[in-house]
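A quick write-up on the structure given underneath.
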Amino acid sequence: MRVLFFGDIEGKPGRKAVSRTLPELCERHRVELVGANIENAAGGFGITREVYDQLLEMGIDFMTSGNHVWDKKETVQNIDHFQRMLRPANFSERAPGKGQLILSSKSGPLAVWNLTGRIFMAPAEDPFALAEKMLKQLPAEVKAVFIDFHGEATSEKNAFGWFMDGKVSAVIGTHTHIQTADEKILPQGTAYITDVGMCGPVNSVIGIDTSQALERFTTGVPHHFEVASGPALASAVVLDIDETTGRARSIERIQRIIES
Ligand SMILES: [Fe+2]
Ligand SMILES: [Fe+2]
(Lines give C-alpha, C1' and ligand atoms only; values in the text may rest on other atoms or scores of the structure.)
(Ligands and ions follow the chains in the order given, each with its own letter.)
Protein backbone atom coordinates (compact mmCIF):
# COMPACT_ATOMS: atom_id res chain seq x y z
CA MET A 1 0.00 0.00 0.00
CA ARG A 2 1.51 3.30 -1.10
CA VAL A 3 0.63 6.40 0.91
CA LEU A 4 1.63 9.97 0.06
CA PHE A 5 1.54 12.46 2.92
CA PHE A 6 2.09 16.24 2.68
CA GLY A 7 3.33 18.28 5.65
CA ASP A 8 1.49 21.32 7.07
CA ILE A 9 -0.19 23.15 4.18
CA GLU A 10 0.34 26.90 4.70
CA GLY A 11 -2.31 29.06 3.00
CA LYS A 12 -2.65 29.57 -0.74
CA PRO A 13 1.05 28.96 -1.60
CA GLY A 14 0.84 25.64 0.25
CA ARG A 15 -2.32 24.62 -1.60
CA LYS A 16 -0.70 25.58 -4.88
CA ALA A 17 2.38 23.47 -4.09
CA VAL A 18 0.16 20.48 -3.32
CA SER A 19 -2.08 20.82 -6.37
CA ARG A 20 0.94 21.15 -8.70
CA THR A 21 2.82 18.13 -7.31
CA LEU A 22 0.11 15.68 -6.24
CA PRO A 23 -0.85 14.24 -9.64
CA GLU A 24 2.74 13.59 -10.70
CA LEU A 25 3.75 12.08 -7.33
CA CYS A 26 0.67 9.83 -7.32
CA GLU A 27 1.46 8.54 -10.77
CA ARG A 28 5.17 8.08 -10.22
CA HIS A 29 4.77 6.24 -6.90
CA ARG A 30 1.49 4.45 -7.72
CA VAL A 31 -0.08 6.02 -4.64
CA GLU A 32 -3.36 4.65 -3.28
CA LEU A 33 -4.08 7.08 -0.48
CA VAL A 34 -3.10 10.73 -0.05
CA GLY A 35 -3.04 12.61 3.24
CA ALA A 36 -2.02 16.08 4.40
CA ASN A 37 -1.80 18.13 7.56
CA ILE A 38 -4.19 21.02 6.95
CA GLU A 39 -4.06 23.00 10.22
CA ASN A 40 -2.74 26.12 8.41
CA ALA A 41 -4.46 25.63 5.05
CA ALA A 42 -6.85 28.61 5.27
CA GLY A 43 -4.83 31.84 5.27
CA GLY A 44 -2.19 30.25 7.51
CA PHE A 45 -4.61 29.66 10.38
CA GLY A 46 -7.06 26.79 10.55
CA ILE A 47 -9.42 25.43 7.94
CA THR A 48 -12.69 26.54 6.31
CA ARG A 49 -15.35 24.48 4.52
CA GLU A 50 -14.34 26.05 1.22
CA VAL A 51 -10.68 25.15 1.62
CA TYR A 52 -11.53 21.68 2.92
CA ASP A 53 -13.68 21.01 -0.17
CA GLN A 54 -10.91 22.32 -2.42
CA LEU A 55 -8.39 19.93 -0.83
CA LEU A 56 -10.76 16.97 -1.23
CA GLU A 57 -11.15 17.88 -4.90
CA MET A 58 -7.36 17.90 -5.33
CA GLY A 59 -7.42 14.24 -4.30
CA ILE A 60 -6.58 14.36 -0.62
CA ASP A 61 -8.24 11.40 1.11
CA PHE A 62 -7.46 12.21 4.74
CA MET A 63 -6.47 15.33 6.62
CA THR A 64 -4.75 15.73 9.96
CA SER A 65 -4.31 18.85 12.05
CA GLY A 66 -2.95 20.13 15.36
CA ASN A 67 -2.88 23.18 17.59
CA HIS A 68 -4.30 25.48 14.86
CA VAL A 69 -7.33 23.32 14.06
CA TRP A 70 -9.86 25.61 15.79
CA ASP A 71 -8.43 28.92 14.53
CA LYS A 72 -11.50 29.52 12.34
CA LYS A 73 -14.83 29.72 14.17
CA GLU A 74 -16.67 27.94 11.39
CA THR A 75 -14.70 24.72 11.93
CA VAL A 76 -16.35 23.99 15.28
CA GLN A 77 -19.70 25.35 14.11
CA ASN A 78 -19.75 22.97 11.12
CA ILE A 79 -17.66 20.09 12.44
CA ASP A 80 -19.88 17.49 10.70
CA HIS A 81 -18.74 18.88 7.35
CA PHE A 82 -15.13 17.85 8.05
CA GLN A 83 -15.62 14.08 7.86
CA ARG A 84 -12.16 13.32 6.45
CA MET A 85 -10.38 15.59 8.91
CA LEU A 86 -8.87 14.64 12.25
CA ARG A 87 -7.88 16.66 15.27
CA PRO A 88 -5.42 15.17 17.76
CA ALA A 89 -7.00 12.18 19.52
CA ASN A 90 -5.42 13.27 22.81
CA PHE A 91 -7.31 16.57 22.86
CA SER A 92 -10.00 16.73 25.56
CA GLU A 93 -12.65 14.02 25.34
CA ARG A 94 -15.14 16.87 25.16
CA ALA A 95 -13.51 18.40 22.08
CA PRO A 96 -15.49 18.28 18.83
CA GLY A 97 -14.27 16.09 15.97
CA LYS A 98 -12.35 12.83 16.04
CA GLY A 99 -8.78 11.58 16.25
CA GLN A 100 -9.05 8.38 14.20
CA LEU A 101 -10.21 7.54 10.70
CA ILE A 102 -10.28 4.13 9.02
CA LEU A 103 -10.01 4.36 5.24
CA SER A 104 -10.31 1.65 2.64
CA SER A 105 -8.05 1.18 -0.36
CA LYS A 106 -7.46 -1.47 -3.02
CA SER A 107 -4.78 -2.97 -0.76
CA GLY A 108 -7.01 -2.97 2.33
CA PRO A 109 -7.82 -0.71 5.25
CA LEU A 110 -5.60 2.04 6.66
CA ALA A 111 -6.14 3.52 10.12
CA VAL A 112 -5.05 7.14 10.45
CA TRP A 113 -4.42 8.61 13.87
CA ASN A 114 -3.56 12.18 14.81
CA LEU A 115 -1.81 12.86 18.13
CA THR A 116 -0.17 15.94 19.59
CA GLY A 117 2.96 16.18 21.68
CA ARG A 118 2.98 17.87 25.09
CA ILE A 119 6.37 19.58 25.17
CA PHE A 120 6.11 23.29 24.27
CA MET A 121 2.51 22.58 23.23
CA ALA A 122 -0.92 23.28 24.76
CA PRO A 123 -1.97 20.80 27.49
CA ALA A 124 -3.16 17.44 26.13
CA GLU A 125 -3.65 13.88 27.37
CA ASP A 126 -0.68 11.48 27.38
CA PRO A 127 -0.18 10.47 23.71
CA PHE A 128 1.86 7.38 24.66
CA ALA A 129 -0.84 5.92 26.92
CA LEU A 130 -3.59 6.81 24.48
CA ALA A 131 -1.78 5.20 21.53
CA GLU A 132 -1.51 1.93 23.50
CA LYS A 133 -5.21 2.08 24.27
CA MET A 134 -6.08 2.81 20.63
CA LEU A 135 -3.97 -0.16 19.50
CA LYS A 136 -5.99 -2.49 21.73
CA GLN A 137 -9.22 -1.15 20.25
CA LEU A 138 -8.12 -1.45 16.63
CA PRO A 139 -10.24 -3.89 14.57
CA ALA A 140 -8.23 -7.09 13.89
CA GLU A 141 -8.49 -6.70 10.11
CA VAL A 142 -6.71 -3.31 10.20
CA LYS A 143 -2.97 -3.98 9.91
CA ALA A 144 -1.76 -0.66 8.50
CA VAL A 145 -1.71 2.33 10.85
CA PHE A 146 -0.47 5.82 9.94
CA ILE A 147 0.17 8.34 12.72
CA ASP A 148 0.64 12.09 12.34
CA PHE A 149 2.43 13.10 15.55
CA HIS A 150 2.10 16.87 15.78
CA GLY A 151 4.82 18.16 18.06
CA GLU A 152 7.49 20.78 18.67
CA ALA A 153 10.20 18.83 20.51
CA THR A 154 12.35 16.49 18.41
CA SER A 155 13.07 14.38 21.52
CA GLU A 156 9.39 13.71 22.19
CA LYS A 157 8.68 12.82 18.55
CA ASN A 158 11.76 10.60 18.39
CA ALA A 159 10.77 8.81 21.61
CA PHE A 160 7.23 8.32 20.35
CA GLY A 161 8.58 6.77 17.13
CA TRP A 162 10.60 4.23 19.12
CA PHE A 163 7.64 3.58 21.43
CA MET A 164 5.48 2.66 18.44
CA ASP A 165 8.13 0.69 16.55
CA GLY A 166 6.66 -2.60 15.36
CA LYS A 167 3.17 -1.57 16.49
CA VAL A 168 2.18 0.79 13.64
CA SER A 169 3.23 1.35 10.03
CA ALA A 170 4.38 4.97 10.28
CA VAL A 171 5.01 7.77 12.75
CA ILE A 172 5.27 11.00 10.77
CA GLY A 173 6.05 14.24 12.60
CA THR A 174 4.42 17.57 11.74
CA HIS A 175 4.13 21.09 13.26
CA THR A 176 7.62 22.61 13.03
CA HIS A 177 7.25 23.28 9.26
CA ILE A 178 10.94 22.40 8.83
CA GLN A 179 11.70 19.07 7.18
CA THR A 180 14.19 16.84 8.98
CA ALA A 181 16.57 14.50 7.14
CA ASP A 182 16.19 11.50 9.47
CA GLU A 183 13.65 9.37 7.61
CA LYS A 184 14.16 5.69 8.35
CA ILE A 185 12.54 2.34 8.91
CA LEU A 186 12.96 1.51 12.60
CA PRO A 187 14.17 -2.05 13.45
CA GLN A 188 10.69 -3.51 13.97
CA GLY A 189 9.29 -2.03 10.75
CA THR A 190 7.84 1.39 11.55
CA ALA A 191 8.56 4.20 9.09
CA TYR A 192 9.66 7.34 10.91
CA ILE A 193 10.55 10.99 10.27
CA THR A 194 10.78 13.67 12.95
CA ASP A 195 9.14 16.28 10.71
CA VAL A 196 7.86 15.99 7.15
CA GLY A 197 8.08 19.78 6.73
CA MET A 198 5.77 22.37 5.21
CA CYS A 199 3.92 23.00 1.98
CA GLY A 200 4.13 26.77 1.73
CA PRO A 201 6.18 29.82 0.73
CA VAL A 202 9.93 29.19 0.49
CA ASN A 203 10.90 32.75 1.45
CA SER A 204 9.19 32.98 4.83
CA VAL A 205 9.56 32.26 8.54
CA ILE A 206 7.81 28.88 8.69
CA GLY A 207 5.25 30.21 6.22
CA ILE A 208 4.76 33.72 7.63
CA ASP A 209 5.82 36.96 5.91
CA THR A 210 9.47 37.46 6.85
CA SER A 211 9.27 41.18 7.76
CA GLN A 212 6.24 40.59 10.02
CA ALA A 213 7.94 37.70 11.78
CA LEU A 214 11.15 39.70 12.24
CA GLU A 215 9.19 42.66 13.61
CA ARG A 216 7.72 40.35 16.23
CA PHE A 217 11.07 38.80 17.14
CA THR A 218 13.00 42.06 17.31
CA THR A 219 10.41 44.16 19.18
CA GLY A 220 8.56 41.50 21.18
CA VAL A 221 5.33 43.22 20.21
CA PRO A 222 2.55 40.92 18.88
CA HIS A 223 2.20 41.52 15.16
CA HIS A 224 -0.45 40.70 12.60
CA PHE A 225 0.75 37.66 10.64
CA GLU A 226 0.13 36.95 6.97
CA VAL A 227 1.26 34.09 4.78
CA ALA A 228 4.26 35.07 2.63
CA SER A 229 4.15 34.95 -1.18
CA GLY A 230 6.57 33.86 -3.92
CA PRO A 231 7.90 30.41 -4.82
CA ALA A 232 6.24 27.56 -2.95
CA LEU A 233 7.68 24.41 -1.47
CA ALA A 234 5.94 21.04 -1.33
CA SER A 235 7.23 18.75 1.43
CA ALA A 236 6.00 15.19 1.67
CA VAL A 237 6.83 11.55 2.27
CA VAL A 238 5.86 8.48 0.28
CA LEU A 239 5.40 5.29 2.26
CA ASP A 240 5.25 1.74 1.05
CA ILE A 241 3.45 -0.45 3.57
CA ASP A 242 3.10 -4.23 3.52
CA GLU A 243 -0.64 -4.44 4.06
CA THR A 244 -0.49 -8.05 5.27
CA THR A 245 1.79 -7.26 8.24
CA GLY A 246 1.39 -3.50 8.61
CA ARG A 247 5.17 -3.06 8.43
CA ALA A 248 6.66 -0.35 6.28
CA ARG A 249 8.95 -1.33 3.42
CA SER A 250 10.21 2.15 2.63
CA ILE A 251 9.89 5.86 3.34
CA GLU A 252 10.99 8.45 0.81
CA ARG A 253 11.34 12.13 1.67
CA ILE A 254 10.25 14.65 -0.96
CA GLN A 255 10.79 18.39 -1.47
CA ARG A 256 9.73 20.22 -4.64
CA ILE A 257 9.87 23.94 -5.35
CA ILE A 258 7.20 25.53 -7.54
CA GLU A 259 8.65 28.76 -8.93
CA SER A 260 5.42 30.46 -10.06
FE1 LIG B 1 1.48 23.94 11.21
FE1 LIG C 1 1.03 23.09 14.66
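Give me the net charge of Glu24's neighbourhood, meaning all other residues with Cβ under 15 Å from the Cβ of Glu24; Lys, Arg count +1, Asp, Glu -1. That works out to +4.
The long axis of helix 11-29 is offset from the longest Cα principal axis of the chain by roughly 30 degrees. Distance from the Cα centre of the stretch 33-85 to that of the stretch 96-112, in angstrom? Going from one Cα centre to the other spans 16 Å.
Cross-link partners of Lys12 among aspartates and glutamates, defined as those whose alpha carbon lies under 17 angstrom from its own and excluding same-chain residues fewer than eight positions apart: Glu39, Glu50, Asp53, Glu57, Asp71, Asp209, Glu226, Glu259.
Extending 7 Å from the Cα toward the beta-carbon at both Arg20 and Ser229 defines two label points whose distance is 1.5 nm. With Cα atoms as the point set, the stretch 188-236 shows a radius of gyration and Dmax of 14.6, 48 Å. For the stretch 120-260, the Cα gyration tensor yields ellipsoid semi-axes of 33, 19, 11 Å (square root of five times each eigenvalue, largest first, whole Å). Which one, Arg94, Arg249, Arg28, has the greatest fluctuation when you compute a Gaussian network model over the chain with C-alpha springs under 10 angstrom? Residue with maximal mean-square fluctuation among Arg94, Arg249, Arg28: Arg94.
The distance from the alpha carbon centre of the stretch 200-225 to that of the stretch 159-198 is 28 Å, rounded to a whole number.
Here the chain exposes an accessible surface that is 50 percent carbon and sulfur, computed with a 1.4 Å probe and the other protein chains kept in place. An ellipsoid equivalent to the stretch 7-47, defined through the eigenvalues of its Cα gyration tensor, has semi-axes of 22, 11, 5 Å when rounded to whole angstrom and sorted largest first. Full extension of the chain between Glu27 and Glu252 yields a length gain of 79.5 nm, computed as 0.36 nm times the residue separation minus the alpha carbon distance.
Compared with the dominant Cα axis of the chain, that is its longest principal axis, helix 49-58 is turned about 60°. When the chain is modelled as a GNM with alpha-carbon springs shorter than 10 Å, which of Thr219, Thr154, Thr244 fluctuates the most? Looking only at Thr219, Thr154, Thr244, the largest GNM fluctuation is found for Thr219.
Extension gain for the segment Ile178 to Val221, taken as residue separation times 0.36 nm less the Cα-Cα distance, is 13.0 nm to one decimal. When you restrict to C-alpha pairs under 8 Å that are six or more residues apart and normalise by the size of the chain, the relative contact order lands at 21 percent. Would you kindly give the portion of the calculated P(r) for the stretch 50-204 that falls above 23 Å, as a percent of all Cα pairs? The answer is 36 percent, as a whole percent. GNM remark for the chain: springs join alpha carbons under 10 Å apart, and the peak mean-square fluctuation among Lys73, Lys12, Lys136 falls on Lys136.
Using the Stokes-Einstein relation with a Kirkwood hydrodynamic radius computed over Cα pairs, the translational diffusion coefficient of the stretch 57-121 at 4 °C and a viscosity of 1.567 mPa s comes to 101 µm²/s. Charge tally around Val227: other residues with Cβ under 9 Å, Lys/Arg +1 each, Asp/Glu -1 each, net -2. The Kirkwood radius of the chain, taken over pairs of alpha-carbon atoms, gives through the Stokes-Einstein law at 25 °C and 0.890 mPa s a diffusion coefficient of 136 µm² s⁻¹. Cross-link reach is defined here as a Cα-Cα straight distance under 21 Å, omitting same-chain residues fewer than 8 places apart; for Lys106 the lysines meeting it are Lys143.
Cα-based values for the stretch 1-112, radius of gyration first and Dmax second, are 13.6, 42 Å.
The values are calculated or read from the model by the stated rules, or taken from the named source; none is laboratory data. What you see is a predicted model; the values in this text were computed from it and never measured. Backbone-built Cβ (ideal geometry, glycine too); neighbour counts: all protein chains shown. For accessibility, only protein heavy atoms count, side chains too; no ligands or nucleic acids. Shrake-Rupley method; radii C 1.70, N 1.55, O 1.52, S 1.80 Å.
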